[in-house]
Amino acid sequence: MQATLFSESDGETRDRIVVRIALPVPIDSVFDYIVPEAMAENARPGHRALVPFSGRRLTGVIVERLEGVPRRTADGEATRKLARIDRVVDEEPVVSLAMIGLLREAAHDLLCPIGLALNHALPPGSSPRVAHRLKLTERGARVLTDSAASPAAHAVLEALRKGPLTPANLARRLSGVQAPVRELTQDGLIEKIQVETGPGVREARERTVLLRPGVDTEAACAGALARAPKQAELLRRIERSGETPTRDITQANPSATSLLRSLAKRGFVEFRERIAPRNLLGTEIERDSELDLTNEQNDALVAIEAAMREQRPDRFLLHGVTGSGKTEVYLRAVASALRAGRQALVLVPEITLTHQIVARLRARFGDELAVLHSGLRPGERLEQWQRLRRGEVSIAVGARSALFAPIENLGVIVVDEEHDSAYKNEEGFRYHARDLAERRAKLAGCPVVLGTATPSLETRYEADRGAMQRLVLARRIGGRPLPAVEIVDLTAERAKAPRGRKLILARPLRRAITEALAAGGQTILFLNRRGFSTQIYCFDCGFAERCKDCDVALVYHTSDGRLRCHYCDYDKLPPDTCGGCGSPDTALLGLGTERLEEEVRILFPDARTARLDRDSAARRGFTEGVLEALRTREIDILIGTQMVAKGHDFPGVQLVGVVAADLGLHMPDFRAAERTFQVLTQVAGRAGRAGTPGRVVLQTCVPDHYAIQPVQDHDYETFYREELEHRAAVGYPPFTRLCQVLVSGPDEAATRAAAQVLADAAKREASRTGEAGAVEILGPAPSPLARLRGRFRFQLLFKGADPALLDRVARDAATRAGALAKPLRAVVDVNPGSML
């Protein structure tokens, strides 16, 4: 669909060049603009352009170019009038034609406007910014001269006399400016203008010095510099070194600044500026060599390399137990791609995992790689993106967003921990990185390797059906055994504990920690809940302190002594009495990582204890520091959430304790059992990865649950078969496809009514387009998080085995959702990753 929102008459009669531009707006359309002749050279697909749009100026990506568009139809009537583009931003394309095609297709399938999808392929902050300014009009200048304005208005006019100001800057200079600004604008004394301020981020640059062309150093030193030995010495150094950062010279000798200035005045040297990307990798690390492969690893690599040689977009599930050497297979596949003159893309689900995989890649291939993830500063991300775009490096590694790296000669894509829910983007362009990686691999003609110890049910089911090849690594490297797993029944342990004592670490786990410490081993304690406690609860009336804007309990944090909402960040001080009945008899209930840390420090005061969760990791560099301290055995006990559960290799960890193994089982999500089994298996795999056998203790109130029992024997197959039966019985993926519609609004009744209207329309569309029951419409029902950030939430769920029928129903729902009147909103999520 194309849309024209503007009109312009330029009086020309020649045929025109028209470009279609994808803008970052929630409208499922591209927009046509005329290209002025002076901009025709660079106005091509993949370039960005600054254009007028609905009273604003926006930057979009050109996706099509139409040559020779006539100004009149065959009947002689004038064709539609279009606006001109203001400027072409780029001299070279920033998005390839292949990426444009891939994202147009993916955006269509996921019911997302193409402009929002394409925005993911651009480094944040790299597009021109347009700022609003308040400017004095000619009439306003006359009024200022005549002093006819009121004191407040005169103060505003006086402030704008020296030049335009942003509304924020004006408000900082004067108080109470809103009313006079509104009046002055209405009277035509000031006006709002848009000013282009350039991109918000740029690549770092450095100043350099070098000899001017034609300078004879020896002649200069013997002549003009004969009586300036320090300048002569510096000139010789610059000749030896070539172009040199001035910082390197002045850091070693602060007085060199004046020497450089003198040499420049004499015409012997000149200064330049060049791009100097910041060093994200740190100091050089020791290089390693390829490890000997097991027979299983070799068989897997042979299959992957065959697909690479023949440029087949084959999909491989590398299903290997923890510690089986999946990473070495990745490294060998990357090496094969580089030898063939191609590039490699390596994805990990969490930013914390990039540190380890980057270290392994650097040890094998050096520093010729780029790191991309949202934890980098915008300028750093731009620099890494540009290094890839310029072809300076051949390996891109990072979290989900690295999928859009500007590399055009891919030889292999690796998706590590493919089962991880972090690969699903939950806002805007709701893509799954695994699925998009497979699309990129198909376009590039290269294999994609999905590695994990616990495949998602959908991936494993596809492998069983022959849609991808399953490569199995069934044993740990070196024949090391998988850790022994002990399941502790918390209900039975609590019955044995003294009355009134809160049991956090049961006797078997306390004993295991003591034994690990005595043996010089390290312990990881896993609890997937941060904070000190889950809630403040009143024993008299049952009242719990809850967020004022979200339907969730507030969590107490000892770090600042406040109750905090983990969704909207609302916080407050704990009350002295119950907010429901006024009783002073309230207590902290539940358990978080902070409370667990306190318990551990009491029980094991001599142990070196650390905590790693989202709260503690908010400080830049903290996560890397903690993980490095664990790796170098400076920590005895590490307490953490999912951040410590997967992918890491810590040779000194002998014990893993899971404090509440069934915590995730109670989530209202059909994937709750699968995710519980996966995270327990993953965290158990952190133990015993060196020579000493590992041990795992799982505390749970449901020791016989089918998601927990198989963990004892590291038995994925048993869990997979049982979970598959449960899914088949209720018609959930992988046997059907899903689409979720989430309707939200500030008024509960209006939101429920809007959700019901969408449900009724979906049922009509489903009955019109297919057999009865082919697409099942569930809901509307309150979302498990019934209120979030002040908005009530109701959800619908569409289920169907026929992708085409489900797509038609979902597409109709998306059209109707887009027409909802504000403040109502509806989001349509194809293949949702979470039911919350």
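The values are calculated or read from the model by the stated rules, or taken from the named source; none is laboratory data. None of the values given here were measured: they were computed from a predicted structure. No Cβ is skipped: glycine too gets one built from the backbone with ideal geometry, and neighbour counts run over all protein chains shown. Quick note on the areas: whole protein, heavy atoms, side chains included, nothing else; ligands and nucleic acids left out. Shrake-Rupley method; radii C 1.70, N 1.55, O 1.52, S 1.80 Å.
Each listed q (0.14, 0.16, 0.17, 0.21 Å⁻¹) maps to a log10 I(q)/I(0) for segment 429-497 from the Debye sum over equal C-alpha point scatterers, namely -0.69, -0.78, -0.82, -1.01.
Between E408 and D435, the modelled label-to-label distance comes to 2.8 nm, taking each label 7 Å out from Cα in the direction of the beta carbon. All other residues with a Cβ under 10 Å from the Cβ of E196 taken together, and with Lys, Arg as +1 and Asp, Glu as -1, what is their net charge? Local net charge: +2. Within the full protein context, the accessible area of K326 is estimated at about 30 Å² for a probe radius of 1.4 Å.
How big is the dipole moment of the chain about its Cα centre under a simple scheme where the beta carbon of each Lys and Arg is +1, that of each Asp and Glu is -1, and everything else is neutral? Debye, nearest 20, please.
Its charge dipole is roughly 2000 debye.
Magnitude of the charge dipole for segment 438-532, about its Cα centre and with charges confined to Cβ atoms of Lys, Arg (+1) and Asp, Glu (-1), is about 400 debye. The loop-placed GluC sites (Glu not before Pro) in segment 605-711, going by DSSP, that have at most 15 neighbouring Cβ atoms within 10 Å of their Cβ come out as E634.
Using the scaling law 2.2 N^0.38 Å as the reference, what is the normalised Cα Rg of segment 348-434?
1.05
Taken about its Cα centre, segment 754-834 carries a charge dipole of about 540 debye when Lys and Arg each add +1 at the Cβ and Asp and Glu each add -1 at the Cβ. The value of relative contact order for segment 293-438, using C-alpha pairs under 8 Å at least six residues apart, is 27 percent. Solvent-accessible area per residue in the chain equals 46 Å², computed with a 1.4 angstrom probe and all protein chains kept. Please state the shape class of segment 723-836: rounded when a/c is under 1.5, otherwise prolate if a/b exceeds b/c and oblate if not, all from the C-alpha gyration tensor. It is oblate, given that a/c is not under 1.5 and a/b is not larger than b/c. Our Cα-only numbers for segment 208-266 put the radius of gyration and Dmax at 10.6, 28 Å. Among the trypsin sites (Lys or Arg not before Pro) in segment 104-136, none sits in a DSSP loop with a Cβ that has at most 13 other Cβ atoms within 10 Å. Its convex hull of Cα atoms gives segment 276-358 a direction-averaged projected area, equal to a quarter of the hull surface, of 7.4 nm². Rg of the Cα atoms in segment 134-208, relative to 2.2 N^0.38 Å, amounts to 1.39.
Only helices enter this figure: runs of n ≥ 4 DSSP H residues, each worth -39500 (n - 2.57), summed and divided by the residues of the chain, yield -10000 deg cm²/dmol at 222 nm to the nearest 500. Exceedance of the 32 Å cut-off in Cα-Cα distance is limited, within the set K502/K548; K424/K548; K502/K799; K572/K799; K162/K822; K81/K424, to K502/K799; K572/K799; K162/K822; K81/K424.
What area, in nm² and to one decimal, does the C-alpha convex hull of segment 231-296 cast on average over all directions?
7.8 nm²
Can you send over the solvent-accessible area of D367, 1.4 Å probe, protein chains only, in Å² to the nearest 10? Its heavy atoms expose roughly 50 Å² to the probe.
Approximating the spin labels as points 7 Å out from Cα along Cα→Cβ, the T514-to-A690 distance works out to 2.4 nm. When both bridge partners sit in the chain, DSSP labels roughly 60% of those beta bridges antiparallel.
Take F526: with every protein chain present and a 1.4 Å probe, its accessible area is about 10 Å². Summarise the long-distance tail of P(r) for the chain by giving the % of C-alpha pairs beyond 41 Å. Percent of Cα pairs beyond 41 Å in the chain: 49. Ignoring aspartates and glutamates fewer than eight residues from K763 along the same chain, the ones with Cα atoms less than 16 angstrom from its Cα are E771, E776, D802, D807, D812.
The alpha carbons of segment 771-836 stretch over 39, 25, 20 Å along the principal axes, in descending order.
Largest first, the residues T514, T815 sort by 1.4 Å accessible area into T815, T514. Our coupling estimate for segment 508-525, obtained by passing each phi through the Karplus curve with A = 6.51, B = -1.76, C = 1.60 and θ = phi - 60°, is x, 6, 4, 5, 5, 5, 4, 5, 5, 4, 5, 8, x, x, 9, 10, 10, 9 Hz, Gly and Pro reported as x. All Cα-Cα distances of segment 323-470, cut into 10 Å bins from zero to the largest, leave 11, 44, 36, 8, 0 percent in each bin in turn. Computed extension gain for A219 through A38, at 0.36 nm per residue and net of the alpha carbon distance, reaches 60.2 nm.
Mean sequence separation of contacting Cα pairs (under 8 Å, at least six apart), scaled by the length of the chain, corresponds to a relative contact order of 9 percent.
In a Debye calculation with equal point scatterers on the alpha-carbon sites of segment 294-404 and no solvent, what is log10 I(q)/I(0) at q = 0.13, 0.17, 0.24 Å⁻¹? Debye intensities relative to I(0), on a log10 scale: -0.51, -0.87, -1.48.
Taking a straight Cα-Cα cut-off under 28 Å and skipping sequence neighbours fewer than 8 places away in the same chain, the lysines within cross-link reach of K230 are K265. For segment 750-813, applying the loop criterion from DSSP together with a ceiling of 11 other beta carbons within 10 Å to the GluC sites (Glu not before Pro) yields E771. Modelled this way, with points 7 Å down the Cα-to-C-beta line, the labels at D464 and A492 are 3.2 nm from one another. The residue list P693, L638, I708 was ranked by how far each Cα lies along the charge dipole of segment 622-743 toward its positive end, using unit charges on Cβ atoms, and L638 comes out on top. Of the listed residues M39, M468, the order by accessible area with a 1.4 Å probe, largest first, is M39, M468. Once the Cβ-Cβ distance of T283 and T244 is raised to the sixth power relative to R0 = 25 Å, the FRET efficiency obtained is 0.75. Rounded to two decimal places and with Rh computed the Kirkwood way over Cα pairs, what is Rg over Rh for segment 337-386? Over the Cα atoms of segment 337-386, Rg/Rh equals 0.97.
First compute the accessible area of the chain with a 1.4 Å probe, then give the percent of it belonging to carbon and sulfur atoms. C and S fraction of accessible area: 48 percent.
Residues R172, R727, sorted by accessible area with the largest first, give R172, R727 [1.4 Å probe; ligands and nucleic acids excluded]. Shape summary of segment 608-709, radius of gyration then Dmax from alpha carbon positions: 14.3, 41 Å.
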